[in-house]
Amino acid sequence: MSTFGAVPPTGPVPGAPFQSEETLRWPGLIGGLSIAFGIITLLGSCCGGVGAALMPLALGAAGLKVGPMPGSILAWMVFDVVASLALGYMLFAGGLGVLRRRAGGPRMLLRYAAVRLVLVVPMLVVGILLVPASAKWSAQFMEAQYAAQEESGQPVTEDQEAALEAARTPTALNYVMTAIGPFLGCAYPIILLVWLRRPHVRATWESWDA
């Protein structure tokens with residue numbers, strides 16, 4: 001009779017549900033990415049809002065006389081900050097729910113993806129419409145700098161005047177860069193929609209609250 005204890009089985013336990021490696025890994029990946037993107041979105045919106053609020057004070061401290069921000073740009077900036085806060089929260093909460101294996105997490109991420117994709121059209125249209133106003137307002141900073149330069153006794157050169165005139169007129173690159181942004185932001189929402197709706201993936205996260 002052997003003096004050693006029984007050796008526990010090392011193979012699969014009979015009757016235990018099979019979980020593929022993919023099933024075990026995707027919640028950590030999707031949850032982690034969503035939380036990271038959510039934090040980045042929240043921080044970006046907060047920094048953008050604070051920066052816009054402090055801009056008049058910074059310009060005044062620098063002695064630059066710049067006109068007020070155009071109302072259309074200000075309104076869109078406020079909307080962008082509010083929307084970014086909401087989307088960032090949805091990403092963070094959804095990612096946390098996925099990591100905790102709660103079915104509400106993937107549902108939140110699917111809602112986020114749908115809202116984010118719906119916003120692509122207004123972001124694209126409004127962004128393109130605001131390009132001329134943004135160019136003219138940005139040129140005001142150059143005008144203020146050149147005005148301060150003249151007050152200090154340094155004349156504005158012809159090259160600077162040409163640069164100022166060019167800054168007032170938006171270029172094709174300005175429109176292209178404005179159009180690219182909304183589409184780049186669609187990448188992760190599309191990944192979420194495709195992945196979380198896969199039949200076996202959906203069956204997995206729907207069973208978490210069972």
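Label V131 and A148 with points 7 Å out from Cα along Cα→Cβ: what is the distance between them in nm?
Output for this residue pair reads 3.0 nm.
Give, rounded to the nearest 20 debye, the magnitude of the charge dipole that the chain has about its Cα centre when Lys and Arg contribute +1 at Cβ and Asp and Glu contribute -1 at Cβ.
On the way: 13 positive and 12 negative charges, 271 e Å.
That gives a dipole near 1300 debye.
For the chain, what does -39500 (n - 2.57) per DSSP helix run (n ≥ 4), summed and divided by total residues, give at 222 nm, in deg cm²/dmol to the nearest 500? The partial results should precede the final answer.
Working: 9 runs with 158 residues, N = 210.
Counting only the DSSP helices, I get -25500 deg cm²/dmol.
Any chance you could run the full-extension gain for S138 through M77? It's 0.36 nm times the residue separation minus the Cα-Cα distance, nm to one decimal.
Here the segment from S138 to M77 would lengthen by 20.5 nm.
Lys/Arg Cβ at +1, Asp/Glu Cβ at -1, dipole of the chain taken about the Cα centre: which of P155, G38, W195 is farthest positive-ward?
It is W195, whose Cα lies furthest towards the positive end.
Lys and Arg at +1, Asp and Glu at -1: add these up for the other residues within a Cβ distance under 12 Å of L164 and post the number. Mind dumping the intermediate values first?
On the way: positive: K136, R168; negative: E143, E158, D159, E161, E165.
Computed value for this residue: -3.
Going by average Cβ neighbours within 10 Å, how do the peptides 139-148, 181-190 rank, with the highest at the top?
Ranked from most to least packed, the peptides come out as 139-148, 181-190.
Can you give me the relative contact order of the chain as a percent, contacts being Cα pairs under 8 Å and 6 or more apart?
Details: 174 pairs, mean separation 51.6, N = 210.
So the answer I get is 25 percent.
Sorted by mean Cβ packing within 10 Å, highest first, what order do the peptides 76-85, 102-111, 117-126 take? Kindly include the intermediate steps, with their values, before the conclusion.
Values: 76-85: 16.1, 102-111: 19.5, 117-126: 14.6.
Output ranking for 76-85, 102-111, 117-126: 102-111, 76-85, 117-126.
Who wins for biggest fluctuation among L29, L173, L164 in a Gaussian network model of the chain, springs between alpha carbons below 10 Å?
Among L29, L173, L164, the largest mean-square fluctuation in the Gaussian network model of the chain belongs to L173.
Which residue, G94, T169, I180, has the largest displacement toward the positive end of the dipole of the stretch 25-205 when charges sit on each Cβ (Lys, Arg +1; Asp, Glu -1)?
My answer, from the dipole projection, is G94.
Candidates (1) 19.3; (2) 21.4; (3) 17.7; which is the computed Kirkwood radius over Cα pairs in Å?
Matching the structure shown: (2).
Since every read-out is calculated from the coordinates, none of them should be taken as a lab result. Treat the numbers as computed from the prediction; the structure is a model and nothing was measured. Don't worry about glycine lacking a Cβ; one is built from the backbone with ideal geometry, like all the others, and counts go over all protein chains shown.
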